[in-house]
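Asker: Next up is a structure, given as structure tokens.
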Amino acid sequence: MAFPHHPRQALPAAADRCCAQCEKPLGTSAIGYLVDGIARPSGRRRSWKLARALVCRACYRAGAPDPRSGLTRPQGARRGRNFEWFELAGRGAPLPPTPCAGCGIKTVRGQEPLLRHVTCSAACRTALTRVRRGQNGSGRPCPVCGRPVTTGRADTLYDRAACRQKAYRTRKKTDSTHAQP
């Protein structure tokens, strides 16, 4: 399954995305429906957790409420092996297909005013946030080596892991000398 993936990994191209329910590739020209549901994570702990994922048009139409009568379809039509969805993400009427701000796949979601940007996954949302913030760090000088911090979050204090470790060891050494009488 293609969801969820670690936010620090490279985002999969739109052609590599799979439907969360039937696990078939969505393709580059396909439309994904962003739905809320529950997913079974891999690993030892197999409890179901709330999730938001993409499903293909065929899976969405099979499980969506009937547009004429408004009646919901059987629960089995919305259940896959590792994912079960309840409804389209966001309240209100479905919006027309809009490209995801992270990977570009066309995504349909509900007309929710709090969902500001259209993103198809948590990884795309994280990538969008990092791009908006410039991925250029705090710009302040590192307290250990003096070089400006140019990567990471805006509140990053050290420019690399070696400086962070050196500062920790210095703090630990000074704390242990003050602790002894």
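Asker: Can you run phi through the Karplus equation (6.51, -1.76, 1.60; θ = phi - 60°) for region 150-156 and list ³J(HN,Hα) in whole Hz, with x for Gly and Pro?
Answerer: With coefficients 6.51, -1.76 and 1.60, one gets 10, 10, x, 6, 6, 9, 5 Hz.
Asker: Take the alpha carbon gyration tensor of region 64-114, find the square roots of its eigenvalues, order them as a ≥ b ≥ c, and report rounded if a/c is under 1.5; if not, report prolate when a/b exceeds b/c, else oblate.
Answerer: On the way: a/c = 2.35, a/b = 1.38, b/c = 1.70.
Taking the square roots of the gyration eigenvalues as a ≥ b ≥ c, region 64-114 is oblate.
Asker: Now, a different point. Please compute the net charge surrounding Cys145, taking Lys and Arg as +1 and Asp and Glu as -1 over other residues with Cβ under 9 Å from its Cβ. Before the final figure, lay out each step's value.
Answerer: On the way: positive: Arg147, Arg160, Lys166; negative: Asp159.
That works out to +2.
Where a number appears in this text, it was derived from the coordinates with a stated rule and is not lab data. What you see is a predicted model; the values in this text were computed from it and never measured. Every residue, glycine as well, gets a Cβ built from its backbone with ideal geometry; the counts of neighbours run over all protein chains shown.
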